[in-house]
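Report on one structure; see the data block that follows.
The values are calculated or read from the model by the stated rules, or taken from the named source; none is laboratory data. Computed from a predicted model, the values in this text were never measured in an experiment. All Cβ positions, even for glycine, are placed from backbone atoms using ideal geometry, and neighbour counts span all protein chains on display.
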Amino acid sequence: METVIARTQSEVDTNEAVRSAVSALQSGEVVALPTETVYGLAADAFSPAAVEKIFAAKDRPSFDPLIVHVHHKDAIRDVAEIPEEIKKAVVQLIETFWPGPLTLVLPKKPAVSKAVTGGLDTVAVRQCDHPVFHRIIRNFGGPLAAPSANLFGRMSPTSAQAVMDQLEGRIPLIIDGGACSRGLESTILKIEPGEKKPLFTVLRPGPITEVELKKFGKVVFAERNAEVEDSSPEAPGMLENHYAPNKPLRLLTSPGDFSPENGKRYALLSYRGQAKDGYLESYEWDHISVLSPGSGRVAEAGTRFFHVLRQLDAMEEIDEIISEPMPDRGVGKALLEKLKKAAVKG
């Protein structure tokens with residue numbers, strides 16, 4: 001299969017790219033689309049045959065659920081039930097964060113097949129905040145299932161070329177909408193009734209943080225359980241091994257944890273590149289990449305994370321990537337989770 005990249009550098013290009021994407025989606029094909037988080041691999045959410053092409057192209061296990069994207073806030077009712085006891089919280093979250101990188105896990109409507117939900121009775125749903133994606137889904141006229149456009153378990157793509165590097169020959173079309181502005185997958189939230197406030201369980205940390213969410217409910221984070229995750233994850237991105245580069249990656253908790261092997265060449269993935277953190281001068285690194293130079297801003301680090309990690313992975317002069325820990329706050333929670341999932345186990 002030939003994979004074509006459609007550009008959106010001009011209005012003429014964008015119009016043609018939108019037409020091509022909508023035509024392919026309506027024909028039951030999969031198309032890689034830009035979002036504000038990472039590039040997604042989209043297909044008609046109401047077509048089990050089209051959805052199956054997503055799993056095949058990604059080599060994704062069928063039990064791992066997909067996110068469904070809707071074109072409008074009200075269209076959530078086409079794919080999900082909103083229980084009365086959490087309706088107020090759902091409406092508040094949608095009005096505050098949609099369109100944007102917040103995914104809600106809710107009881108699914110019968111029209112959404114269990115092929116989309118990994119056999120679950122719930123569906124993960126959000127409204128994307130990217131102008132090209134918005135035009136395509138609006139013209140398509142229905143919900144799109146769209147997980148990240150990468151091979152299963154590998155780094156999420158934040159550019160059209162990154163999609164091509166992994167899925168060339170597996171999909172017919174990639175829409176190039178430029179670099180993703182957020183750079184990390186959406187926050188995934190489960191909502192339950194609480195004693196005083198609704199209970200928000202963060203199933204996957206992302207760009208929408210605990211500080212933003214706690215205005216509307218009590219926020220807790222799902223506990224990591226490898227045995228449960230590997231058999232029946234509640235939401236996308238919860239499996240124990242995920243987001244991995246091709247090169248080995250190790251996550252340190254302190255500078256003294258690093259023990260180099262003779263003859264190996266190491267790159268350091270640094271949070272803010274400051275010597276006082278103790279990592280820069282702990283070893284004569286072959287290469288150093290900094291996510292947020294200077295004082296360190298977790299939002300900037302999140303935006304650059306997959307892009308920088310992909311650059312390190314492509315360096316022939318590097319054998320292994322060593323990562324500093326990230327701050328366990330805000331977007332830093334998402335970065336830490338991804339590093340733990342990507343790191344070499346044992």
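Here are the numbers:
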read-out: Lone unmet requirement of (1) part of a loop (DSSP other than H, G, I, E, B); (2) farther than 30 Å from residue 68 by Cα; (3) of a type outside the set (D, E, K, R) for residue 216; value: (2)
read-out: Condition met for residue 37 (assigned to a loop (DSSP other than H, G, I, E, B), at pLDDT 95 or above and either closer than 30 Å to residue 165 by Cα or of a type in the set (S, T, N, Q) (or both)); value: yes
read-out: The stretch 259-304, subset in contact with a Lys or Arg (Cβ under 8 Å, 6 or more places away or on another chain) and touching a residue at least 60 places away in the same chain (Cβ under 8 Å), residue surrounded by the most Cβ atoms within 10 Å (Cβ to Cβ); value: 302
read-out: Failed item, numbered, when residue 163 is tested on (1) closer than 18 Å to residue 306 by Cβ; (2) of a type in the set (Val, Ile, Thr); (3) assigned to a loop (DSSP other than H, G, I, E, B); value: (3)
read-out: Qualifying residue in the stretch 333-345 (condition: over 17 Å from residue 205 (Cβ atoms) and crowded, with 18+ Cβ neighbours inside 10 Å); value: no
read-out: Residue within the stretch 60-69 that is assigned by TED's automatic domain parsing to the domain that holds residue 168 and either polar (S, T, N, Q) or in a helix (DSSP H, G or I) (or both) present; value: yes
read-out: Residue check, residue 187 over 19 Å from residue 45 (Cβ atoms), touching a His at 6+ places or on another chain (Cβ under 8 Å), touching a residue at least 24 places away in the same chain (Cβ under 8 Å) and surrounded by 20 or more Cβ atoms within 10 Å (Cβ to Cβ); value: no
read-out: Single residue of the stretch 1-42 satisfying the filter (in contact with a Lys or Arg (Cβ under 8 Å, 6 or more places away or on another chain) and over 23 Å from residue 98 (Cα atoms)) that is surrounded by the most Cβ atoms within 10 Å (Cβ to Cβ); value: 30
read-out: Meets criteria (modelled with pLDDT under 95, touching a strand residue (DSSP E or B) at 6+ places or on another chain (Cβ under 9 Å) and assigned to a helix (DSSP H, G or I)) for residue 341; value: yes
read-out: Single condition residue 153 does not satisfy, out of (1) touching a strand residue (DSSP E or B) at 6+ places or on another chain (Cβ under 8 Å); (2) at negative phi; (3) surrounded by fewer than 23 Cβ atoms within 10 Å (Cβ to Cβ); value: (2)
read-out: Residue satisfying condition, being β-branched (Val, Ile, Thr), more than 19 Å from the chain's Cα centre (by Cα) and not assigned by TED's automatic domain parsing to the domain that holds residue 150, within set 91, 112, 18; value: 91
read-out: Complete set of residues in the stretch 325-346 that are more than 19 Å from the chain's Cα centre (by Cα) and not basic (Lys, Arg); value: 325, 327, 344, 346
read-out: Residues that are assigned to a helix (DSSP H, G or I), closer than 30 Å to residue 311 by Cβ and either of a type in the set (Gly, Ala, Ser) or under 17 Å from the mean Cα position of the chain (by Cα) (or both), drawn from the stretch 116-159; value: 133
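Yes/no matrix, rows are residues, columns are (1) touching a Lys or Arg at 6+ places or on another chain (Cβ under 8 Å); (2) exposed (fewer than 14 other Cβ atoms within 10 Å of the Cβ); (3) over 26 Å from residue 232 (Cα atoms):
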position	(1), (2), (3)
71	yes, no, yes
75	no, no, yes
83	no, yes, no
88	no, yes, yes
98	yes, no, yes
110	no, yes, no
118	no, no, no
137	no, no, yes
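Here's the yes/no breakdown for (1) farther than 18 Å from residue 325 by Cβ; (2) assigned to a helix (DSSP H, G or I); (3) among the aromatic types (Phe, Trp, Tyr); (4) at pLDDT 95 or above:
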{"position": "203", "(1), (2), (3), (4)": "yes, no, no, yes"}
{"position": "234", "(1), (2), (3), (4)": "yes, no, no, no"}
{"position": "241", "(1), (2), (3), (4)": "yes, no, no, no"}
{"position": "269", "(1), (2), (3), (4)": "no, no, no, yes"}
{"position": "292", "(1), (2), (3), (4)": "no, no, no, yes"}
